[in-house]
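The values are calculated or read from the model by the stated rules, or taken from the named source; none is laboratory data. Values in this document were obtained by computation on a predicted structure and should not be read as measured data. Here the Cβ is made from the backbone with ideal geometry for all residues, glycine too, and neighbour counts use every protein chain on show.
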Amino acid sequence: MGNSKNLVSVSGENTGGVTIESVADILEHNLKAVIQEWLDRVEKEPDLTAVPLNFEDRTGHLPQLLRDVIVRLRLDAGSQAPISAAASHHGDLRAKQGYTVAMAVEESRLLQVSIFTILHKSQQHLEFDMLLPDVVTIADEVDAQLKQQMLRFMAADAAKLTKSGKKPKVVKIA
């Protein structure tokens, strides 16, 4: 995919051209806007704001998670995506901060919505032939990051049970 930028004319208009960028480039240029969009959405969710956090504690994980999404978008097709260490760290942090699994899932959902909102706002600059594959990649990466967070939540729960002398409960799902 790479850093593709082309100058094209908008048909019927004398605009001097519109810069067309890849999804990765647009996200990279709009990191702060994605974070602000996410924060605005989080602040409307009473379940999430029930845990009082300052700006850094609430958003500090996002730059690296978003960079991981951008790296994933730039991988060659068929390349194995690296596991996000930032997502694991974020899972540990949110567990310590008192988040529930449902709260972490909601944050992840809001991240996807925020990314897609920023892409929509930038649609005149999007490289449309790659948009759908990139949307699939974004959803897959954010879900993979959520999986890492949930694994850390489960590890934290197991550690608490072990410390208390209780055995972890295993539930099989058919």
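Please determine whether any residue of region 40-60 is hydrophobic (A, V, I, L, M, F, W, C) and under 29 Å from GLU127 (Cβ atoms). Checked region 40-60: no residue is hydrophobic (A, V, I, L, M, F, W, C) and under 29 Å from GLU127 (Cβ atoms). I'd like to know if region 23-39 contains one or more residues that are modelled with pLDDT under 95 and farther than 19 Å from ALA139 by Cα. No, region 23-39 contains no residue that is modelled with pLDDT under 95 and farther than 19 Å from ALA139 by Cα.
For region 133-144, the tally of residues that are in contact with a helix residue (DSSP H, G or I) (Cβ under 6 Å, 6 or more places away or on another chain) and among the acidic types (Asp, Glu) stands at 2.
Annotation note: of SER4, SER88, SER11, SER79, the sole residue that is at pLDDT below 95 and in contact with a helix residue (DSSP H, G or I) (Cβ under 6 Å, 6 or more places away or on another chain) is SER88. Counting only helices (runs of 4 or more DSSP H) that sit completely within region 22-94, those holding 3 or more residues that are over 13 Å from the mean Cα position of the chain (by Cα) correspond to 23-29, 31-42, 46-49, 55-59.
Looking at LEU146, LEU132, LEU110, which is the one that is out of contact with any Gly (no Cβ under 7 Å at 6 or more places or on another chain), within 16 Å of LEU31 (Cα to Cα) and not small (Gly, Ala, Ser)? Unique residue meeting the criteria: LEU110. For region 118-132, a tally of residues being in a helix (DSSP H, G or I) and in contact with a helix residue (DSSP H, G or I) (Cβ under 9 Å, 6 or more places away or on another chain) returns 7. Is it fair to say ASP76 is surrounded by fewer than 14 Cβ atoms within 10 Å (Cβ to Cβ), acidic (Asp, Glu) and closer than 24 Å to ASP47 by Cα? Considered against the rule, which asks whether it is surrounded by fewer than 14 Cβ atoms within 10 Å (Cβ to Cβ), acidic (Asp, Glu) and closer than 24 Å to ASP47 by Cα, ASP76 comes out as no. When ASP129 is tested against (1) under 26 Å from VAL18 (Cβ atoms); (2) touching a residue at least 12 places away in the same chain (Cβ under 8 Å); (3) acidic (Asp, Glu), just one condition goes unmet, and that condition is (2).
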